[in-house]
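What follows is a set of notes on a single structure, which appears directly below.
The values are calculated or read from the model by the stated rules, or taken from the named source; none is laboratory data. The structure presented is a predicted model; accordingly, all values stated were derived computationally and were not measured. Glycine also receives a Cβ, built like all others from the backbone with ideal geometry; neighbour counts cover every protein chain displayed. Calculation scope for accessible area: heavy atoms of the full protein, side chains included, ligands and nucleic acids excluded. Shrake-Rupley method; radii C 1.70, N 1.55, O 1.52, S 1.80 Å.
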Amino acid sequence: MEEDYSNYVPPLDGMLCFALYSAAHAVQHLYKPVLDEMGLTYPQFLVLTALWERDGRTVSDLGQAMRLESNTLTPLLKRMEAAGLLTRARDPEDERQVRITLSDKGRALYHKAGAMARCVLEQSQMPPADLLALKDGVQAFDAAIRKKG
């Protein structure tokens with residue numbers, strides 16, 4: 001006879017969602033000393049990372065890359081602009097769009113951010129290939145569940 005798992009809730013340590021949640025918190029905790037030294041929060045670091053990858057993004061493009069709605073992203077960008085990390089300006093070719101550009105201060109933090117990857121490598125003691133495979137697996141999982149939603 002086949003068991004009915006429709007009302008089954010696995011134990012906490014058996015839940016994929018908890019493993020992802022816990023690992024995300026552990027990584028943020030690991031990053032905290034470096035972020036504090038840089039004067040950044042974790043979401044600000046993610047914004048800068050997206051801009052280091054491609055500066056001059058529109059708010060909508062940045063939101064898509066970060067999987068955030070503009071009503072969540074805009075207050076974050078305003079705080080980062082006030083801190084001198086970036087500028088926000090209307091796109092002269094399409095006034096409906098706001099372009100986000102790194103300031104010299106935001107650009108300069110790139111060199112300090114390399115410590116973030118070193119933290120993960122050192123603390124996890126996992127080979128880089130294993131960390132890459134883990135990232136690829138999580139990204140595939142994320143894409144699969146977003147496609148269904």
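Looking at S6, is it out of contact with any Gly (no Cβ under 6 Å at 6 or more places or on another chain), of a type in the set (G, A, S) and either surrounded by 16 or more Cβ atoms within 10 Å (Cβ to Cβ) or under 30 Å from G137 (Cβ atoms) (or both)? Criteria met by S6. The residue pairs whose first member lies in the stretch 42-54 and is closer than 14 Å to A108 by Cα, whose second member is part of a helix (DSSP H, G or I) and among the small types (G, A, S), and whose beta carbons are closer than 6 Å, counting only pairs six or more residues apart or on different chains, are L48/G106. Restricting L20, L12 to residues that are at pLDDT 95 or above, open to solvent by 50 Å² or more (accessible area, probe 1.4 Å) and more than 25 Å from V98 (Cβ to Cβ) narrows the list to L20.
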